[in-house]
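Accompanying notes for the structure given below.
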Amino acid sequence: MKKYYPLIVAFGLALMIGFFFPSINFKPNQLATSAKIENTLVPQDITEYLDKPIKVTKLYDSGQLIGVVQDYDKITDLVTKVYNRDYAEKFPNSNIDLGVDIYSVDEMSYYITEDIDDEICNYLEENNLFAIETNMIEFSDTNGVYATIYIKNIDDFYDARNSFLLNFISQSDLDTFAANKEVPELTTYGSRTISVVIKETMNVETALAKPDDILTTYEEVLNYFCYGDNTELEYYTVNKGETVMAIGTLTNGLTPQQLITINPGVITDENQVLEEGMEVNVTYFTSPITVVVKTDRVAQEIVYPENAIYLADSSLREGMSYVYQEDETGLKNVKYEEEWINGVLVGGFEVSSVVTTQPIQRIEYYGTKVIPGIGTGNLRYPVNNVRITCGWYCYPGHTAIDCQDRYDKWSYIYAADRGTIYKTGYTSVGGYYVKINHNNGMITYYGHMKSLSPLAPGVNVEKGEVIGEIGVTGKSTGPHTHFMVQVNGTYVNPCNYLGC
């Protein structure tokens, strides 16, 4: 019997508590020490605790409670009022709602709160927490979505995208590819676009967005295609006499069409006469998309003969020589395939070539008493796969041609003709340079070399011999060699000797 005593005592105490304190009823949250809801964006008091829970609507901003709403119709009426007052004219016939980070949740609550609907409306209005239903474009690659923009008019998106593509292909090619047709084969020298691909995916949907985040004009959308979120643009001040082409050459290699695109209303035509002091945007594209263009290029190129054959003639004194057979360059038709990314040539390879005129090797007899150091007067280009990026007087004072190796921008520089290394050195404008005296009244100059030439003054060089490497030293906007020809003390157009 003793083992049941504890149970009997506990049961008796329970009966006594129920008899003497029948009105005690512990409710949820009754032990709270504060009458305010904690951590709300708008202060709100608790006015009454309940025995049973009721359903309430709570409004949140980015996960933080704004407050408990008594009459949600007030919120709806506020949204309509704000649209009619602030956005109906700019975004006609558009749906409006609370901001993308604002959401409501129906929950069960054991207390009643004070009515602060007006204060909640004021909070929403003061912080402009509203969103317009509009077009959302998501940019994605193999790693997923990496950028999102909102556009008022979807036609602006397609028009701006096509305008951006015109920086890299022609309108006729764009129309051809849009119609799923093939570009005609080349029948003469030149190039054709064989494909254009945007590497990324652009998905169009409807979504809510903050009004300030919505691009409302074609110009804004085009600017996004050109530069994405980049706002640090580079400008160039036009000097007297400079052309649209010269500006592109002197800055970031922009074509006239590209300069027209990024300077709307400022540059309208590639032949436009530019005013001195004009500010021109010369920022190269930092686009959120990657436009890959593949082209065919058919060109007539020079075939250089093998090095001259020198035959000793003991009847001639040193320094004397005569030509038995002049060298002549040949010609070949070459087809290349090139790849361009956002207008920048990134690679190319030869598809085929046909020699149309065979080169003729030079045969020369020389006296045994000399090492030939006199130029032939027939020049070759100072680089292979030549691409002239800035011609004779492409801007005032440019008494040279700028030569770039189309496929290897850091390749070798070659002596244009036989001669003697006359001078090597460095200047702040020309960078590392070499001068060759061809001992026939002609001197050639090669600038912007990567480093000082390994050949010392006084060394005789052969035509086509490597004298250095292409660089960007001195005042240079890109890898190339600044090639000048001086005849009897006067600078002349190198193309007079090269054909260009």
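The values are calculated or read from the model by the stated rules, or taken from the named source; none is laboratory data. Keep in mind it's a predicted model, so treat the numbers as computed, not measured. Using ideal geometry, Cβ is built from the backbone for each residue, glycine included, and neighbour counts are taken over all protein chains shown.
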If we ask which residues in segment 393-413 are under 16 Å from residue 497 (Cα atoms) and either of a type in the set (Lys, Arg) or surrounded by 21 or more Cβ atoms within 10 Å (Cβ to Cβ) (or both), their number turns out to be 4
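Yes/no per residue for (1) touching a Leu at 6+ places or on another chain (Cβ under 7 Å); (2) under 25 Å from residue 56 (Cα atoms); (3) not aliphatic (A, V, I, L, M):
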| position | (1), (2), (3) |
| --- | --- |
| 99 | yes, yes, yes |
| 109 | no, yes, yes |
| 128 | no, yes, yes |
| 167 | no, no, yes |
| 177 | no, no, yes |
| 180 | no, no, yes |
Can you confirm whether segment 21-33 contains a residue that is buried (at least 16 other Cβ atoms within 10 Å of the Cβ), aliphatic (A, V, I, L, M) and either over 46 Å from the mean Cα position of the chain (by Cα) or modelled with pLDDT of 95 or more (or both)? no
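Yes/no per residue for (1) at pLDDT below 95; (2) surrounded by 13 or more Cβ atoms within 10 Å (Cβ to Cβ):
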site	(1), (2)
149	no, yes
157	no, yes
161	no, yes
166	yes, yes
188	yes, no
Over segment 195-220, the set of residues under 22 Å from the mean Cα position of the chain (by Cα), over 23 Å from residue 144 (Cβ atoms) and of a type in the set (Val, Ile, Thr) is 196, 217
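Taking segment 283-305 on its own, how many of its residues are of a type outside the set (Val, Ile, Thr) and part of a strand (DSSP E or B)? Show your work before the answer.
Within segment 283-305, the first condition is being of a type outside the set (Val, Ile, Thr), and the residues that meet it are 284-285, 287-288, 294, 296-297, 299-301, 304-305.
From the residues that got through so far, the ones that are part of a strand (DSSP E or B) too are 294, 296-297, 299-301.
Looking only at that region, the number is 6.
Determine, yes or no, whether residue 145 is assigned by TED's automatic domain parsing to the domain that holds residue 203 and exposed (fewer than 14 other Cβ atoms within 10 Å of the Cβ). Walk me through how you get there before you give the answer.
Details: assigned by TED's automatic domain parsing to the domain that holds residue 203: yes; exposed (fewer than 14 other Cβ atoms within 10 Å of the Cβ): yes.
Yes; evaluated as a whole, the condition is true for this residue.
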Elements of type strands (runs of 3 or more DSSP E) in segment 140-226, at least 3 residues being within 28 Å of residue 282 (Cα to Cα): 144-151, 190-198
Return yes when residue 118 is farther than 30 Å from residue 74 by Cα and in a helix (DSSP H, G or I) and no when it is not. no
Output the number of residues of segment 64-99 satisfying the condition of being in a loop (DSSP other than H, G, I, E, B), surrounded by 15 or more Cβ atoms within 10 Å (Cβ to Cβ) and of a type in the set (A, V, I, L, M, F, W, C). 1
Conditions (1) more than 22 Å from the chain's Cα centre (by Cα); (2) assigned to a loop (DSSP other than H, G, I, E, B); (3) within 19 Å of residue 289 (Cβ to Cβ) -> residue 229 fails only (1)
